[in-house]
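A single structure is presented below for examination.
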Amino acid sequence: MSFDPLHEKGIALDDQVRNWSELNVAPYDRNEVDPYTRCRVIAMNGIEVESILFSHQFNRHTDVSEVKEVLAESRALEQQQQKVVNWLIPGDESTLEVTLGYEQVAVDLTAWLARSEPDPYLKQTYDFGLVEDFDHLYRYANLYELLEGRTAEGIVQQLTEVMPGRPTANEHRHPRDNIRRHLDAHTTDPRSRLHAITITAAEQQTMNFYMNIGNRYMEPLARSLYAEIAMVEEEHVTQYESMLDPAESWFEQLVQHEYNECYMYYSFAAQEPDRRIRDIWELHLAMEIGQLQAATELLKRYDGREPEEILPTALPEPVRFEPNKEYVRDILADQVDLTSLGTGYVMDSHRRFQERQAKVNAGGVPSEQVIDDHRQRFGTDYRLETEGPHPVERLRAESYARST
Amino acid sequence: MPVTVVRPETGAVIRPGPMVTVSPLREVAEDDYGDLARDTGLHGPFLADQLSAFVAHERKRVSLLRTLRARADNPGLRSRYGELESETFQAIGIWERLIESLGGNPQYASPAGRAVEALDTKTVEALLLSGSADPETFDQTGLRAFAAAATQSGLNVRLLAALARGADKGTSRDLLESALRELEPTARGHADWAGEKLEKIAISHAKHPAVRKVAQAAERMTAKARSVLGGDRDG
C-alpha cells in the first residue's frame, strides 16, 4: 500500500513538544534487544543528528526571521526526537558494544542500499564503502574480546558475519581520491536521493561518534584503533556526501531531509518487532509529517515551488535491516583489492595511493596490531563465519595469519 | 501543459558533466540530437544544449516570480508579478513546442541548462538575506532580481534570433523565426517594465521624500498585519 506523507495529517509543530520525563525514555534491555532494533536506533539517531546539523547550517545562511523561526522550532523538535531515540541505548551497553552496533548498521544498511540502488555508479560507491565497514566490524570485534572478554556474536548474533573485509590498513587513500560524482536532481530515481541522505547521515554519525569517544579508553591499542578507523569514516562521509546534487536549493534540501525522515520512520515502524519502540517510530513519523508540512510551506513561499514538483507521489519500498551475507561475500570476492583514483574505481595500487599508505602506516597499523594481539592471547583471530570459509582465500584464517 | 520542473516523472534526460552520474536509461550521449534541426545546417547537439538552457531559465523564472508574488509587500507589485508569471508560463510552452518541433526533447537537461539553473537558484537565494532590508528595499531588490532574470530572457531571445539568422532556409528556420516572433515582445516587455518600474520608484522617492515615508509606513503596517496573520501564502 502506498504512503504519501504529503497527504497525511501528522502532528502540528505546536503539539509536538515533550517534557523531560518523556524524553528520558526507558532504554532497551541489552540482553533482550533484537540486534536490528539496536541498528534502527543507531541509524535513526544519525538521521536526526544530520537533520539538526543541516538546519543549523541553513540558519547561518539567512536572516529572514520567518525562515529562522520555523527552522528553530523544527530543529528543537528534531533535538527532542534525537534524545528519545538515542536515549534508548542503555548505559550498561559498553562503548565497544555500541560501536559493534554502529558497524552492523554500516554493513547491513549499506548492503541493503546497494542492493536497491538503481544507479550503477552509486551502487558501486556503496559496495566500495561496504567492504571497508565490514572490516571495521572485524577489527572492533577482536578489540572487544581482548578488552571485555566477550564475543561480538552476542551483539550481532548470527545476522551479520564477522571476518576481514578490505583490510583497514589498505583503506587510507589520499583525500582527493574520496570525492565522488553526484546524482542529478532532474533524472535521479527518488530512491537514490533518499538513500544518499540516509547513508551520509549514518556515516556522519559514525564519524562523529568515533571522533568523540575514541579518546575515552585508557588502553593505547583502543585509542589508536578508534583514531585509525575514525579517519576512514572521514573518507566515507566525504564520498557519500559527494553523491548529493549540490545544485539543490536550501529549501529543496530541507524538504528532502524531512521527507527522508518520514521515509525512514515509516520503514522502521513497518519492521520493528518491539512494540514500545515501534510506537516511538510511529509517533515520530507523525511528527515528521508535521515538520515536512512546515518545510513545504517555506518551499512554496521562499523557493517558489510546490512540494509535488520535487517529491515522489509515494514513499519508495521501505528500507529494511536484514542479513546480507551472500551479497557481502560476493562483493568481497570481487572487490577486496579495489581502490579509487579521483572519482573512479581502480584495481591498480597507484602512486598517490601508495604514497599515502606509506605515510600513514609508517609507524605501525593499529588495525593489524589488534589482530596480532588477539592471536597472541587467544591463538587465533576472532571471526564469525556462518556461511563457510572466507570468499577470498588469502583472507582465510590460516593464510591471513601466515601472511601478516 | 508546460513543465515547470524537469524530473523523472516528466521524462527527464541529461548529458552528464564530468562530476555527474546518471542512470544509463536517462543518459544523452555527446552526439545525440545530431538530427535536431538538421535542415538549418547548425550543429544539432549544440543547439539542443542551448535550447535546454533557454527553457530552463524560463522554468526557474516561474519560481522566482512565485516567490516574489508571495513576498512582495506592495499589492500592485504582487498583482503584476502574478501576470508576469502567467506570461512566463506561456513562454515555457513556446520554448517546449519549438524544441519538440525541431526534433528535440523538452525534458532534456543539458550541462548549459544546469549552469543556468544554478545562476537562477542563487538569484532566488539572494532574497534569503531580506531580513537586512526594510519592506520597500526588499521590493526594490525583488524588482532587481526580476530585472536580472528578464535581461537573461532577452539575451536568450537575442541568441535565438542570431541562430535563426545563421540557419539555412527551410522548415526549421521558419520554426525558429515563428518562436522568435512569439517570444520577443514578452521578453522585451518584461525587461522594459522592470526598468521603468525601478526608475519610477527611484525618482519618486528621490524627489518626494514625504511620499516615501508614507509608503514606508504603509508597507510596514502591511508587513506587520501579514506577519500577525502568518504571512500571505497566496500572495
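Against the definition (loosely packed, with under 14 Cβ neighbours inside 10 Å, within 12 Å of chain A (Cβ to nearest Cβ) and touching a residue at least 60 places away in the same chain (Cβ under 8 Å)), how does B:THR10 come out, yes or no? It would help to see each step written out before you state the result.
Working: loosely packed, with under 14 Cβ neighbours inside 10 Å: yes; within 12 Å of chain A (Cβ to nearest Cβ): yes; touching a residue at least 60 places away in the same chain (Cβ under 8 Å): yes.
It is true that B:THR10 is loosely packed, with under 14 Cβ neighbours inside 10 Å, within 12 Å of chain A (Cβ to nearest Cβ) and touching a residue at least 60 places away in the same chain (Cβ under 8 Å).
Checking A:THR187 against (1) outside any loop (DSSP other than H, G, I, E, B); (2) buried (at least 24 other Cβ atoms within 10 Å of the Cβ), which single condition isn't satisfied?
Unmet for A:THR187, out of (1) outside any loop (DSSP other than H, G, I, E, B); (2) buried (at least 24 other Cβ atoms within 10 Å of the Cβ): (1).
Follow-up question, since we're still on this one. Can you name the number of the only condition in (1) within 15 Å of A:ARG305 (Cα to Cα); (2) of a type outside the set (Lys, Arg); (3) within 11 Å of another protein chain (Cβ to nearest Cβ); (4) crowded, with 24+ Cβ neighbours inside 10 Å that B:GLU58 fails?
Here B:GLU58 meets the rest and fails (3).
Consider B:LEU51 against the criteria (1) crowded, with 21+ Cβ neighbours inside 10 Å; (2) within 13 Å of chain A (Cβ to nearest Cβ); (3) assigned to a helix (DSSP H, G or I); (4) not small (Gly, Ala, Ser): it satisfies all of them except one. Which criterion is unmet?
Here B:LEU51 clears every test but (2).
Further question on the same structure: Do we find that B:ARG38 is more than 16 Å from the chain's Cα centre (by Cα), of a type in the set (Lys, Arg) and at pLDDT 95 or above in this structure? Break it down stepwise before answering.
Working: more than 16 Å from the chain's Cα centre (by Cα): yes; of a type in the set (Lys, Arg): yes; at pLDDT 95 or above: yes.
Here the answer is yes, as B:ARG38 does meet what is asked.
Only one of (1) aromatic (Phe, Trp, Tyr); (2) away from every other protein chain (no Cβ under 14 Å); (3) not in a helix (DSSP H, G or I) fails for A:TYR327. Which number is that?
(3)
Another question, if that's okay. Could you grab me the full set of residues in region A:362-385 that are more than 20 Å from A:THR151 (Cβ to Cβ) and either touching a His at 6+ places or on another chain (Cβ under 7 Å) or modelled with pLDDT under 95 (or both)? Spell out how you get there, then give the answer.
Filtering region A:362-385 for residues more than 20 Å from A:THR151 (Cβ to Cβ) gives A:362-366, A:368.
Hit for region A:362-385 is A:GLY363, nothing else.
Would you check which residues across region A:268-295 are crowded, with 24+ Cβ neighbours inside 10 Å and among the polar types (S, T, N, Q) and list them?
A:GLN291
Which condition from (1) more than 9 Å from chain A (Cβ to nearest Cβ); (2) within 21 Å of B:GLY195 (Cα to Cα); (3) among the β-branched types (Val, Ile, Thr) is the one that B:ILE94 breaks?
(2)
B:SER172 is checked against (1) polar (S, T, N, Q); (2) within 13 Å of chain A (Cβ to nearest Cβ); (3) touching a residue at least 12 places away in the same chain (Cβ under 8 Å) and fails just one. What number does that condition carry?
Among (1) polar (S, T, N, Q); (2) within 13 Å of chain A (Cβ to nearest Cβ); (3) touching a residue at least 12 places away in the same chain (Cβ under 8 Å), B:SER172 violates only (2).
Okay, residues lined up against (1) part of a helix (DSSP H, G or I); (2) more than 30 Å from B:ALA218 (Cα to Cα); (3) over 15 Å from the mean Cα position of the chain (by Cα):
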| site | (1), (2), (3) |
| --- | --- |
| B:LEU77 | yes, no, yes |
| B:TYR81 | yes, no, no |
| B:LEU84 | yes, no, no |
| B:GLU87 | yes, no, no |
| B:GLU100 | yes, yes, yes |
| B:GLY103 | no, yes, yes |
| B:ALA112 | yes, yes, no |
| B:GLU117 | yes, yes, no |
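Please enumerate the residues belonging to region B:61-75 that are assigned to a loop (DSSP other than H, G, I, E, B) and more than 13 Å from chain A (Cβ to nearest Cβ). Steps first, please.
Taking region B:61-75 first, the residues assigned to a loop (DSSP other than H, G, I, E, B) are B:72-74.
Those that are assigned to a loop (DSSP other than H, G, I, E, B) and more than 13 Å from chain A (Cβ to nearest Cβ): B:ASP73, B:ASN74.
Which residue pairs have Cβ atoms under 7 Å apart, sit 6 or more places apart or on different chains, and have a first residue in region A:275-294 that is assigned to a helix (DSSP H, G or I) and a second that is buried (at least 17 other Cβ atoms within 10 Å of the Cβ) and among the charged types (D, E, K, R)?
If the second residue must be buried (at least 17 other Cβ atoms within 10 Å of the Cβ) and among the charged types (D, E, K, R), the pairs left are A:ARG278/A:GLU272; A:TRP281/A:GLU272; A:GLU288/A:GLU258; A:GLU288/A:GLU261; A:GLN291/A:GLU258; A:LEU292/A:GLU258.
How about region B:26-48: which of its residues are more than 9 Å from chain A (Cβ to nearest Cβ) and in a helix (DSSP H, G or I)?
Once the filter is applied, which keeps residues that are more than 9 Å from chain A (Cβ to nearest Cβ) and in a helix (DSSP H, G or I), region B:26-48 yields B:ARG38, B:ASP39, B:THR40, B:GLY44, B:PRO45, B:PHE46, B:LEU47, B:ALA48.
Would you confirm, using the coordinates I've provided, whether A:ASP334 is more than 25 Å from the chain's Cα centre (by Cα), in a helix (DSSP H, G or I) and of a type outside the set (Lys, Arg)?
Values: more than 25 Å from the chain's Cα centre (by Cα): no; in a helix (DSSP H, G or I): yes; of a type outside the set (Lys, Arg): yes.
Here the answer is no, as A:ASP334 does not meet what is asked.
May I ask you to list the residues in region A:81-99 that are in contact (Cβ under 8 Å) with a residue 60 or more places away in the chain and either within 16 Å of A:LEU285 (Cα to Cα) or touching a strand residue (DSSP E or B) at 6+ places or on another chain (Cβ under 9 Å) (or both)?
A:GLN81, A:LYS83, A:VAL84, A:VAL85 - these are the residues of region A:81-99 that are in contact (Cβ under 8 Å) with a residue 60 or more places away in the chain and either within 16 Å of A:LEU285 (Cα to Cα) or touching a strand residue (DSSP E or B) at 6+ places or on another chain (Cβ under 9 Å) (or both).
Yes/no matrix, rows are residues, columns are (1) crowded, with 22+ Cβ neighbours inside 10 Å; (2) within 14 Å of chain B (Cβ to nearest Cβ); (3) out of contact with any strand residue (DSSP E or B) (no Cβ under 7 Å at 6 or more places or on another chain):
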site	(1), (2), (3)
A:MET231	no, no, yes
A:TYR240	yes, yes, yes
A:GLU248	no, yes, yes
A:GLN253	no, yes, yes
A:GLN256	yes, yes, yes
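Taking into account only those residues within region A:53-67 that are crowded, with 17+ Cβ neighbours inside 10 Å and hydrophobic (A, V, I, L, M, F, W, C), which is farthest from the other protein chains (Cβ to nearest Cβ)? Lay out the reasoning, then the answer.
Looking only at region A:53-67, we keep the residues that are crowded, with 17+ Cβ neighbours inside 10 Å, and these are A:54-55, A:58, A:62, A:64, A:66-67.
After this cut, where a residue has to be hydrophobic (A, V, I, L, M, F, W, C) as well, the list is A:54, A:58, A:64, A:67.
Values: A:PHE54: 15, A:PHE58: 9, A:VAL64: 5, A:VAL67: 7 Å.
Going through the qualifying residues, I end up with A:PHE54.
May I pose another question? State whether the residues of region B:144-158 include one that is within 24 Å of B:GLN50 (Cβ to Cβ), hydroxyl-bearing (Ser, Thr, Tyr) and part of a helix (DSSP H, G or I). It would help to see each step written out before you state the result.
Pass one, region B:144-158, residues within 24 Å of B:GLN50 (Cβ to Cβ): B:145-158.
After this cut, where a residue has to be hydroxyl-bearing (Ser, Thr, Tyr) as well, the list is B:151, B:153.
Filter once more, keeping what is part of a helix (DSSP H, G or I): B:151, B:153.
Yes - at least one qualifying residue is present in region B:144-158.
Only residues that are facing another protein chain (nearest Cβ under 9 Å), under 14 Å from B:ILE14 (Cα atoms) and of a type in the set (Gly, Ala, Ser): list them for region B:103-140, please.
B:ALA109, B:GLY113, listed by residue number.
The values are calculated or read from the model by the stated rules, or taken from the named source; none is laboratory data. Being a predicted model, the structure only gives us computed values, none of them experimental. With ideal geometry, Cβ positions are generated from the backbone for all residues, glycine too; neighbour counts draw on all protein chains shown.
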